[in-house]
Amino acid sequence: MPYDEPNRGQVHFSPRAGWMNDPNGLLHYRGTYHFYFQHAPDSLVWDTMHWGHATSPDLVHWTQQPNALDPAIHPGDLWSGGGVVDLGNTSGLKDGDEDPIVVFSGTQGVRMFYSLDGGFTFTPYDEGRVIAQPSGHESRDPKVVWHEPTASWAMVVWSSDADGNGVDVFVSPDLRTWERTGRYAAGWFFECPDFTPMQLDGETVWVLRDARGSYVVGDFDGRTFSTTWTEPQTITRNPGPAAGDYYAAQSFDNTPDGRVVTMAWQGRNKGSVWTGNASFPVEQELVTIPDGPRIISRPVEEIRTLRSESQTWPEATFGPGRHVLGSGRTFELEIAGASRPCTLRLRGYYDVPVAPDETLRLLVDRGQLAIFSGLAYTCLNVDFDSEAVGDEIELATDGPLRINSLSLHQLRP
């Protein structure tokens, strides 16, 4: 397969062939991360949806598996949804050594599918009948999460109702029987909800976000979500739209260390036999600033296992002009403490400005660019090869420049 195409990401997952879009049912189980995704295996454009499947021991090395959900076998529209590991067998479905892995999908009503072989094959529950019915005339994208204080499951489902966009909230003791307990309505909220407990100053709060990466922080008592926020914040500097640079991010269930790790769909990258890729997984946490809680993102620490060689410039000085730092197509670049504004030019084409005293971290792949700076996270598809004049990485400055630290790490595929 052409994984060596010029714009095929080397550290960003993309399917061997066919179309991919939203991440689905992300979870960790017994040492393996499972990444399910919207997939049209025989098309380069959106088509009849399957759930594709890839696995990883470490979030950075992925192996594509056979499709997990297939419309020839699994009823309903197999659109976006969530998944959980039923460690307590609340569903009563366990039969053997493996814990049930349960995923949810369906438009105009939620359907449930369960796996008893560690997340590789799935059986429709109750022959695929609808187990939860949102109130709206249009609904999709169920996301399920465990609520520890009430020892119950919570599910949010995007819907469009008389009050506009929002999510219906359901609760269940067993993943099979669901009670609708409320609704959060907001005009800005569109598709693919993610609902995540996160720590903030030693307390548990709940983050509700939509497909475009807009989010609010609030409280969830096991039945109702509430927030004092009147307007959302955004995860990235470039939110939405669908098929854009960043869409439909979802958090992993059952991470072994409690990290909040998310991956999104990047829709503007394609090649001869594939369309779309996943963003590099990022760890997210909440921090408090004067304006309130905010989400900060950074690449998962496992990226360090991909570093093949590194160059460092501790307390470096540069004269005016352009300076070649090295070359590469897939690399990580970190810079901190610049004494004056300067510019990083990537592969002779793409310029990233660096502000004085800013700490900046770049993840550059063949068709992807992620920029991390403090609270700011920018996630892009960049077609470097359509414009590039080479693979050089340069630093440009208009005057004498001192930098506290500068590192360039080449990354293995």
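Key figures for this structure:
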| quantity | calculated |
| --- | --- |
| Yes/no for Val85 being touching a Leu at 6+ places or on another chain (Cβ under 7 Å), aliphatic (A, V, I, L, M) and closer than 19 Å to Glu127 by Cβ | no |
| Of the criteria (1) in contact with a helix residue (DSSP H, G or I) (Cβ under 9 Å, 6 or more places away or on another chain); (2) assigned to a loop (DSSP other than H, G, I, E, B), which one Arg212 fails | (1) |
| Subset of segment 311-337 [open to solvent by 70 Å² or more (accessible area, probe 1.4 Å) and part of a strand (DSSP E or B)] | Gln311, Thr312, Thr317, Arg322, Val324 |
| Cβ-Cβ under 6 Å pairs, at least 6 apart or on other chains, segment 206-222 side at positive phi and buried (at least 21 other Cβ atoms within 10 Å of the Cβ), far side outside any strand (DSSP E or B) and aliphatic (A, V, I, L, M) | Gly213/Ile235 |
| Which listed residue is surrounded by 17 or more Cβ atoms within 10 Å (Cβ to Cβ), within 8 Å of the chain's Cα centre (by Cα) and within 23 Å of Pro413 (Cβ to Cβ), from Ser279, Ser251 | Ser279 |
| In segment 162-176, residue farthest from Gly187 (Cα to Cα) [restricted to those that are without any contact (Cβ under 8 Å) to a residue 40 or more places away in the chain and open to solvent by 50 Å² or more (accessible area, probe 1.4 Å)] | Ala162 |
| Total residues in segment 81-110, condition outside any strand (DSSP E or B), open to solvent by less than 10 Å² (accessible area, probe 1.4 Å) and within 18 Å of Phe252 (Cα to Cα) | 4 |
| Test: residue in segment 229-248 that is charged (D, E, K, R) and within 30 Å of His53 (Cα to Cα) | yes |
| Leu286, sole failed condition from (1) in a loop (DSSP other than H, G, I, E, B); (2) at pLDDT 95 or above; (3) surrounded by fewer than 22 Cβ atoms within 10 Å (Cβ to Cβ); (4) of a type outside the set (Lys, Arg) | (1) |
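The values are calculated or read from the model by the stated rules, or taken from the named source; none is laboratory data. On a predicted model such as this, the values are computed, not experimentally measured, just so you know. Please note: Cβ atoms are built from the backbone with ideal geometry, for glycine as well, and neighbour counts cover all protein chains shown. When the accessible area is computed, the model is the full protein with side chains, heavy atoms only, and any ligands, DNA or RNA have been set aside. Shrake-Rupley method; radii C 1.70, N 1.55, O 1.52, S 1.80 Å.
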